[in-house]
Amino acid sequence: MRNVYIVGTGATPVGEHWDRSAASLAVEALAAALGDIPASRVGALYVASALNGSLEVQSQVGPMVATAAGISGIEAVSIEAGTASGGVALRQACLAVASGIVDLVAVVGVEKTTDVLDARRERALALAGDAEWEAIHGVTTTALWAMLMRRYMHNYGYGIEDFAPFPVNAHANGVANPNAMYRFAITADKVRSAPMVAEPLGLLDCSTAADGAAALLIASEGLARDVSAAPVCVAASAVATDTLALHSRHDPLWLSAVAHSTATALRAARMTHRDIQVLDVTDPHGITAALVLEAGGFAERGAAVALARDGAITPKGALPLATGGGCKARGDAVGANGIYQVVELVAQLRGQAGAAQVAGASVALAQCIGGIGATAATHILTME
Amino acid sequence: MDLAKHWRIRHARYRLEGQRHRTTGEVRFPPAPLRPGEAHDSWEPYVLSGRGRVYSFSIVRQPPEGYDEQAPYLIALVRLEEGPLVTAQLTDCDLDQVTIDMPVEMVTRKLRALGPTGLIVYGYKFRPVV
């Protein structure tokens, strides 16, 4: 298998784009990723979108984006894996280039969530869980995370306020990201006094679903040197799955898809946890980030919240997290999040992350999970 | 109308009927299809007791479409005494009354109505054991 490189990135701001269609957002991101490279050189297009079908917006998003980009005719397909859609689409692009069949592949994550009212969006998001045995009871994805948070607090003796460092860090970093939805800092006091969404999760520990598109260009090694001055190597790519329903798991606080895909990726890259200098994970809530860090092996069980409290997740800490603002401050573009993560981490590896820059970062890990971790996609990126 | 997809799992929804493995005695809920390689009679129907304890719980304040009129409502993961964990609403219970490990029992209630011309979906919820 050939080495695979990221040679272009692009993204729209995340937000409420009332005047924009999914296609127009997708093409803006793709055009930015292409830069001077003609779109006609793209050999295949993978589009990640979690909700485009279920919000009754449009299916066949692959040909939709290809048509809008003026490259209709090429191989194009849409990929749905809930909030892991972006990472899973990136893996398909890496496999395609590594196979030798195509030399240049575009990956676009696009989500248009604000054309419907909140209740319909909640219903669509809940379908990332089990429709027959979870969603029919009126449980939301947020409420599932809330139940895990309450059990985690019960098992390990934390209070609600102990989770505040996650959204506080995300917002502090979001200030430096021009594409972030919320570019302002928040305090732990504000997090504590926010109204409840699903006890014990408060409003400021919940991401906001929004519109956005992000794009990556994936190239073979030979082409990468020709078209990019600073190609970023995809050192590993791994996808794993877990049961669709949370209640089917032996230990609900253990995200086994995260454990498996992280371990597989580290092994493929011949690295250990200590080699990872900056990471981005699916973090709509502090509890999500905590459980991901623990299953991924970056923290002992029950210790991730304490690590965050001690400052480890800030850009100057040992486990810099959400340097682009994470789901909370960047805004939650659902199926596109996995591409936004990589756009932000490529900026880190190129030393272009501004105030959220992790000094000297040359190895990064991007991981996105779908629903409550039924799918996990992990990528390790290196600057050579 | 969505009739068939609710009708075909009526035994599980109305009386908490899961499955028991004929050899190992393992009880599972919800029932699941045969896996590749399993003998056709590996699992037999098994009605669970409906008794359990709250593993964790939350209150849904931003409901999905179809549940707007019920909000805010209690949702829980219940550890049934036979072992399986199940997701369901808590009922006959104040929002501030629930604790982890609280004993609960299954009752059959209306889950939701599928619009003015649609089905009314019934199923299990859990209430505190008094």
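Just a few scattered comments:
- Top of A:Gly87, A:Gly157, A:Gly43 by mean-square fluctuation, Gaussian network on chain A, Cα under 10 Å: A:Gly157
- In terms of distances greater than 29 angstrom between alpha carbons, the cross-link table entries B:Lys5/B:Lys125; A:Lys190/A:Lys316; A:Lys328/B:Lys125 yield A:Lys328/B:Lys125.
- With R₀ fixed at 41 Å, the C-beta to C-beta distance from B:Glu38 to A:Arg2 puts the FRET efficiency at about 0.50.
- Once backbone amide H atoms are built at 1.01 Å from N, B:Glu65 has A:Arg120, A:Glu122, A:Arg123 as its partners under 5 Å, excluding neighbours fewer than 5 places away on the same chain.
- Reciprocal mean inverse distance between Cα atoms of segment B:3-128 - Kirkwood radius, Å: 15.8 Å
- For chymotrypsin sites (Phe, Trp or Tyr not before Pro), the sites in segment A:145-243 that DSSP calls loop and that have at most 16 other Cβ atoms within 10 Å are A:Phe184.
- Distance (nanometres) between label positions extended 7 Å along Cα→Cβ at A:Lys316 and B:Val47: 6.6 nm
- Angle of helix A:165-174 to the longest C-alpha principal axis of chain A, folded into 0 to 90 degrees and rounded to 10: 30°.
- Residue (of A:Ala76, A:Ile276, A:Ala303) at the positive-pole extreme of the protein assembly as shown, dipole from beta-carbon charges: A:Ala303
- Applying a DSSP loop filter and a limit of 13 other Cβ atoms within 10 Å to the chymotrypsin sites (Phe, Trp or Tyr not before Pro) in segment A:1-98 leaves A:Trp18.
- With both labels modelled 7 Å from their Cα along Cα-to-Cβ, the B:Asp2 to A:Ala359 distance reads 5.6 nm.
- Neighbour counting of Cβ atoms within 10 Å sorts the residues B:Thr87, A:Thr382, A:Thr142, fewest neighbours leading, into A:Thr382, A:Thr142, B:Thr87.
- Summarising the strand pairing of chain A, around 70 percent of its internal DSSP beta bridges are antiparallel.
- The loop-placed trypsin sites (Lys or Arg not before Pro) in segment A:285-384, going by DSSP, that have at most 10 neighbouring Cβ atoms within 10 Å of their Cβ come out as A:Lys316.
- Helix A:256-268 axis, angle to chain A major axis (alpha carbon atoms, nearest 10°): 40 degrees
- Averaged over peptide A:141-154, the number of partner chain Cβ atoms lying within 10 Å of each residue's Cβ comes to 5.
- Normalising the average separation of contacting C-alpha pairs (under 8 angstrom, six or more residues apart) by the number of residues puts the relative contact order of chain A at 26 percent.
- Using R0 = 45 Å, the C-beta based FRET efficiency linking A:Ser193 and B:Ile120 works out to 0.65.
- This model, with +1 at the C-beta of Lys and Arg and -1 at the C-beta of Asp and Glu, gives chain A a dipole about its Cα centre of some 580 debye.
- For segment B:3-128, size of Cβ-based charge dipole, Lys and Arg +1, Asp and Glu -1, in debye: 340 debye
Read-outs throughout are calculated quantities, based only on the coordinates presented, and are distinct from any laboratory measurement. Just so you know, these numbers come straight off a predicted model, no measurement behind them. Counting neighbours? That spans all protein chains shown, and the Cβs are built from the backbone with ideal geometry, glycine included.
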